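Novice: Next up is a structure, given as structure tokens.
The values are calculated or read from the model by the stated rules, or taken from the named source; none is laboratory data. Model, not experiment: these values are computed from the prediction. FYI the Cβ positions are ideal-geometry reconstructions off the backbone, even for glycines, and counts take in every protein chain you see. Protein only, heavy atoms only, side chains kept; ligands, DNA and RNA dropped before computing areas. Shrake-Rupley method; radii C 1.70, N 1.55, O 1.52, S 1.80 Å.
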Amino acid sequence: MYRVQKVLSLLGILSRRDCEKKIKLGLVKINNEIALIGSKVAIGDKVTYNNQDYHITTESLNIDTKVLIYNKPQKEIVSRNDPQKRNTVFENLPKVTGKWINIGRLDYDSSGLILFTNNGIIANKMMHPSSNILRTYEVIIDGNMDNKKIKLSLEGIDIGNNEIGKLIDLISDEEIENKYIVKLNTGKNREVRRIFSSLNCKVLKLKRVSYGNIQLGSLKSQCYKYIEVESLSEYLS
């Protein structure tokens, strides 16, 4: 038997933490009975969340874990449900056992590397703030980045909402004016854009080129490629 939190996490429905919150609100059921913290699920049981039934089978709990890289173009949203009916990254991904879970996000106007997996435990582990996974971006800005601003970006700057944005590194491109390679190991919402905005600079283009040791390389826009689960092992220990 498995704790219901682990089952919903493995299936990519909820993170364990979110599952505990939903259980406390009485929003998770096992065989039509409201689940409690610590409730367990066996093969053959039915778990219900958000009016969706999940029938627990041996196959569903032994998911063939898949991981892929997708090169997101601008003007695609990282969401399955969008009231504005914009193009979504999920339209371009292959079929998979379970469902694809995005590891982190890129905003609508940004492009580049996003990792996807059908294993909720892997996704939640890599997205947890404690992972400190280094992200690298190519950024083109409108504005002037002098030494004072560069220093502020590396020391930490107020980006609003009681949050501090901080780059790990910022390197000027020698060939393209106002282009920078920036690195950070946090995943706050639109953090790179907010850092530059706080420095009175506007981001014109933002492209993620690596996530940890995973490189975008020459992968074409709107294309994907599978990678081995073992390539993420250093982040899952």
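Novice: By how many nm would the segment from residue 95 to residue 219 grow when fully extended, if each residue of separation counts as 0.36 nm and the alpha-carbon distance is taken off?
Specialist: 42.7 nm
Novice: Now for a different question. Near the amide H of residue 188, under 5 Å away, which other amide H atoms are found, from residues 5 or more places off or on another chain, if H is placed in the peptide plane?
Specialist: Under 5 Å from the amide H of residue 188 lies no amide H from a residue far enough along the sequence or on another chain.
Novice: Report Rg/Rh for region 1-77, rounded to two decimals, where Rg is the Cα radius of gyration and Rh the Kirkwood radius.
Specialist: With Rh from the inverse mean 1/r over Cα pairs, Rg/Rh is 1.07.
Novice: Tell me the net charge near residue 100. Cut-off is 10 Å between Cβ atoms, residue 100 excluded, with +1 for each Lys or Arg and -1 for each Asp or Glu.
Specialist: +4
Novice: Where only protein heavy atoms count, and the probe is 1.4 Å, what is the accessible area per residue for region 160-207 in Å²?
Specialist: 62
Novice: Which value in deg cm²/dmol, rounded to the nearest 500, describes the helix-derived mean residue ellipticity at 222 nm for the chain, given -39,500 (n - 2.57) per DSSP H run of n ≥ 4 and division by the residue count?
Specialist: Mean residue ellipticity at 222 nm (helix-derived): -5000 deg cm²/dmol.
Novice: When ligands, DNA and RNA are left out and all protein chains stay put, how many square angstrom of accessible area per residue does region 1-128 have with a 1.4 Å probe?
Specialist: 52
Novice: Moving on to the next point. If you roll a 1.4 Å probe over region 77-201 with all protein chains in place, what percent of the accessible area is carbon or sulfur?
Specialist: Answer for region 77-201: carbon and sulfur cover 44 percent of the accessible area.
Novice: Using θ = phi - 60° and the Karplus curve 6.51 cos²θ - 1.76 cosθ + 1.60, what whole-Hz ³J(HN,Hα) does each residue of region 230-237 get, with Gly and Pro shown as x?
Specialist: 4, 5, 9, 4, 5, 9, 10, 6
Novice: For region 20-165, taking Cα atoms only, what is the radius of gyration to one decimal and the Dmax to the nearest whole Å?
Specialist: 20.1, 63
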